[in-house]
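Laboratory data are not the source of any read-out in this text; all were calculated from the coordinates shown. Keep in mind it's a predicted model, so treat the numbers as computed, not measured. So basically every Cβ, Gly included, is an ideal-geometry build from the backbone, and we count neighbours across all protein chains shown.
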Amino acid sequence: MKNIILSIILCSNLLFAFDLNDVKQLKEDGDCPMCDLSYANLSSMDLSMSDLNDANLSHANLTDTLAHKANFSNSDLSNALFVRSNIKGASFVNTILHNVDFTEARIWKGNFSQAKIDNCNFNDSALGSAIFEDNNLTNSTFKGAILYKTIFKRNVMGIPQ
């Protein structure tokens, strides 16, 4: 009985890890800097031009999201899903990107400068003219990605052992 109660408490915390007021602010204003949107389902939303600087979006679902020129700088996007998202021109400068899935995402002109990239999936994504500067890309995959005019500068790259 004690285990069941503990499981219910833990699961309820996961279901509502994000701040409901922050989600409301994002939907109404389109901006939510320094917000807690962890575990939020933001799939299929239009976040174009949104300011999400310094926000917590860990474990957020952004599948099929439209986020042209959105600012994700200095945010935590650990374990987030951007599958099939259209995030052209988005800024991920100095962002934590751990286990992020960008499969089939369109990220033309995305800026990943100084982002902490670890174990990310960029397979089949469109990264034309994107900027990867001062990153460690060793454990990330780019199989089938479009890398036309993509800038890779001062990065650590290699095949994972």
For this session: Output ³J(HN,Hα) for the stretch 113-128: one whole-Hz value per residue in order, computed from phi by the Karplus curve 6.51 cos²θ - 1.76 cosθ + 1.60 with θ = phi - 60°, and x for Gly and Pro.
Result: 4, 6, 6, 8, 9, 9, 6, 9, 10, 10, 4, 6, 8, 9, 10, x
Exercise. Normalised by the residues of the chain, what does the relative contact order come to in percent, with Cα pairs under 8 Å and at least six apart?
Worked result: 12
For this session: With unit charges on the beta carbon (Lys/Arg positive, Asp/Glu negative), name the residue among THR95, LEU57, LEU137 whose Cα is farthest towards the positive pole of the charge dipole of the chain.
Result: LEU137
Problem set entry | Sorted by Cβ density within 10 Å, fewest first, the residues GLU104, GLU28, GLU133 | GLU28, GLU133, GLU104
Problem set entry | Helix 20-29 vs. the chain, principal-axis angle (Cα, 0 to 90°, nearest 10) | 50
For this session: Starting with the fewest neighbours, write out SER78, SER125 ranked by other beta-carbon atoms found within 10 Å of each beta-carbon.
Result: SER78, SER125
Problem set entry | Net length gained if the chain between LYS24 and LEU66 were fully extended (0.36 nm per residue, minus Cα distance) | 13.3 nm
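Just check the stretch 51-129 against the gyration tensor rule for me: Cα atoms, a ≥ b ≥ c as the square roots of the eigenvalues, rounded for a/c under 1.5, and otherwise prolate or oblate depending on whether a/b exceeds b/c.
On the way: a/c = 1.30, a/b = 1.15, b/c = 1.13.
Cα axes put the stretch 51-129 in the rounded bin.
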For this session: For the stretch 113-161, run through the chymotrypsin sites (Phe, Trp or Tyr not before Pro) and keep only the ones in DSSP coil with at most 12 other Cβ atoms within 10 Å of their Cβ.
Result: TYR148
For this session: Taking the Cβ of each residue in ASP46, ASP29, ASP36 as the centre, tally the other Cβ atoms inside 10 Å and list the residues starting with the fewest.
Result: ASP29, ASP46, ASP36
For this session: Measure nothing but the geometry: give the 0 to 90° angle between the long axis through the Cα atoms of 2-15 and the longest principal axis through the Cα atoms of the chain, rounded to 10°.
Result: 50
